[in-house]
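Okay, so here's the structure we're looking at.
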Amino acid sequence: MLVTAEVRGAPCWLSLMTHDLAAAQRFYGAVLGWTFRPAGLGSAFCVAEADGLPVAGIGGIAGELAVPVAWTAYFSVDDADRAVARVRERGGTVGVGPVSYPLHGRAALVADRHGASFGLWEGSVLAGWSVGSTSPAWLELRTRDAFDAALFYGEVLEWAEQTPGCCEAFYEEDQVVLRAEGLAVARLNSGHVEAAAEKPYERPRWLIHFHVPDLASATHRALAHGATAFPDLPATHGTGVTLRDPQGALFTLDQTPTTKPEG
């Protein structure tokens, strides 16, 4: 079921563009226990689900669209054209779009001024999707200067508007924390990253974190199914393992907390 995105500027969807849809389904089904259903956009697309709730859209057309194999976080905006214009005005770049999807909405793929890619979405979202334990646990921006990034995203996604229906960004424990209706949904972290770094996890990027009940077991399954781990990547919030799936997309596994986090 489609509903209107309720929190402006908040994460509203995840997308994985890959070369081989069937291979991606086998990998994430084995590692995270996801099931898959048609997405209504053709045989090259599907929706991944966990416990009957939507997690992400997966498309096996990275090569056709000339985009890298990667996870992309989408953020809700009222007007994709105006949001794209704000990206350009503030030194970001636009890769694709806005592209219209009849009966659903409009999307654009963009990058911030340090090179981290993300998506903009104007329109309806799938009911049941939210940042939490079943869908993404949380989102993390690794960038050179979290404060500068917060200014960019605050202006592009209107975090700084402080009006009803918007996200709010706070400075907490040396991190910029994005909260939607009080819940921490994303963190912006300063660190050692370089746009042209040889190691992919050292480039500015949005990382998607997924909770798993047994981190060691899930990591073992991922490695057994062809993933590569980055054990030297320092954790910035809690404990996690960052991996690259067999087709090159980075993501992070986090241990499900034994008690509900305060946010």
- Query: Identify, please: which residue in the range 93-104 is out of contact with any helix residue (DSSP H, G or I) (no Cβ under 8 Å at 6 or more places or on another chain) and not in a loop (DSSP other than H, G, I, E, B) and is, among those, modelled with the highest pLDDT?
  - Reply: 95
- Checked the range 122-145 for anything within 18 Å of residue 176 (Cβ to Cβ), surrounded by fewer than 20 Cβ atoms within 10 Å (Cβ to Cβ) and polar (S, T, N, Q); matches are none
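Could you count how many residues in the range 77-132 are charged (D, E, K, R), in contact (Cβ under 8 Å) with a residue 60 or more places away in the chain and farther than 24 Å from residue 250 by Cβ?
Here is the first cut: in the range 77-132, the ones charged (D, E, K, R) are 78-79, 81-82, 86, 88-90, 106, 112-113, 122.
Retained after the next criterion (residues that are in contact (Cβ under 8 Å) with a residue 60 or more places away in the chain): 78, 86, 90, 112.
If we keep only those that are farther than 24 Å from residue 250 by Cβ as well, we get 78, 86, 90.
The total comes to 3.
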- Restricted to the range 224-263 and to residues being outside any loop (DSSP other than H, G, I, E, B) and of a type in the set (A, V, I, L, M), the residue modelled with the highest pLDDT is 224
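The values are calculated or read from the model by the stated rules, or taken from the named source; none is laboratory data. The structure displayed is predicted, hence computed values, not measured ones. Quick reminder, even Gly has a Cβ in these numbers, built from the backbone with ideal geometry, and neighbours come from all protein chains shown.
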